[in-house]
1. Go through the stretch 212-230 and report how many residues are under 21 Å from the mean Cα position of the chain (by Cα) and either buried (at least 18 other Cβ atoms within 10 Å of the Cβ) or in contact (Cβ under 8 Å) with a residue 60 or more places away in the chain (or both).
2. Is at least one residue of the stretch 145-159 surrounded by fewer than 20 Cβ atoms within 10 Å (Cβ to Cβ), farther than 30 Å from Ile230 by Cα, assigned by TED's automatic domain parsing to the domain that holds Asp43 and not hydroxyl-bearing (Ser, Thr, Tyr)?
3. Considering only residues that are more than 14 Å from the chain's Cα centre (by Cα) and over 18 Å from Phe173 (Cβ atoms), which ones fall in the stretch 144-161?
4. One residue is enough: does the stretch 152-173 have a residue meeting the conditions farther than 16 Å from Ala37 by Cβ and among the aromatic types (Phe, Trp, Tyr)?
5. Are any residues in the stretch 48-66 of a type in the set (Lys, Arg) and crowded, with 20+ Cβ neighbours inside 10 Å, and if so, which ones?
Amino acid sequence: MQQLPARGARRGPAPPARHHVPRPAPHDAGGGGAMPAHAIVLDALRPIGTAAGIRRGRLVFAEGEPAAHWYWLASGAVQVCGFAEDGKRHVAELVLPGDLFGLEACARRGAAAEAVRDAVVVAYPRARAEALVDADPRLARAFREIACGRLHRAQACLLRLGRAGALGRVASFLLEMGERCRRGADGAVDLPVTRDDIADYLGLTSETVSRALTELRRRGAIALPARRSIHLADPAALALAKEAGR
């Protein structure tokens, strides 16, 4: 696998470990109430899938390479990102367990996908997957529902970046993670990414993200039991910060 230029220590080569293709669990719905659609698509694609373990910091696919596969994230976390001419990284999408990703309409990848936690990723040959979808109206409807859900999430992200200040962006992000991430026994959300990753996703600096988290904690909206764990103590206060930060 290729290495994505990133912050932090340089990581050595880590070829993917092969896995059996897992069956999606009932909660692997990709969010947005789309469980039936995801279940239909993943069940249909399972016979053509190949699962591989991807180590943290390694690429699932690189920017500019042929878009020859679709992907499903079985475990871990992946971010889809690109680099501006000045070298600044922009995170376009956070992929969590249960999500389908890499569904490009064009022939080559417009961005890279990097594992931000050790991940198990299932790859489906795009040509075979598209043939299955084209041949089955029920599968085509389910796939269209998934595509619309992804479009809705992308639009929400653009609106957040365009309309919200720093505090509103961070509050909105935490509410999104509260809906999409699994929670621990204490109810805390285990964030799949670092504050640097959050900053690149929200168009902020990591220092600004830290200040926003401190302010939300001061207001009683969140607690910070660990660096990558957030307890959403008062979702209503978070929602208020989200709206006030527009």
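1. Looking only at that region, the number is 2.
2. Scanning the stretch 145-159 turns up at least one residue that is surrounded by fewer than 20 Cβ atoms within 10 Å (Cβ to Cβ), farther than 30 Å from Ile230 by Cα, assigned by TED's automatic domain parsing to the domain that holds Asp43 and not hydroxyl-bearing (Ser, Thr, Tyr).
3. Arg144, Glu145, Ile146, Ala147, Cys148
4. Of the residues in the stretch 152-173, the ones farther than 16 Å from Ala37 by Cβ are 154-173.
Now narrow it down to the ones that are among the aromatic types (Phe, Trp, Tyr): 173.
Within the stretch 152-173, one or more residues are farther than 16 Å from Ala37 by Cβ and among the aromatic types (Phe, Trp, Tyr).
5. From the stretch 48-66, those of a type in the set (Lys, Arg) are 55-56, 58; that's our starting set.
Scanning the stretch 48-66 gives a single hit, Arg58.
Okay, residues lined up against (1) in contact with a strand residue (DSSP E or B) (Cβ under 7 Å, 6 or more places away or on another chain); (2) not charged (D, E, K, R):
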position: Ala171; (1), (2): no, yes
position: Gly187; (1), (2): yes, yes
position: Leu213; (1), (2): yes, yes
position: Arg227; (1), (2): no, no
position: Leu232; (1), (2): yes, yes
position: Lys242; (1), (2): no, no
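The values are calculated or read from the model by the stated rules, or taken from the named source; none is laboratory data. The model shown is predicted, which means the values in this text are computed figures rather than measured ones. Reconstructed Cβ throughout: ideal geometry from the backbone, glycine too, with neighbour counts over all protein chains shown.
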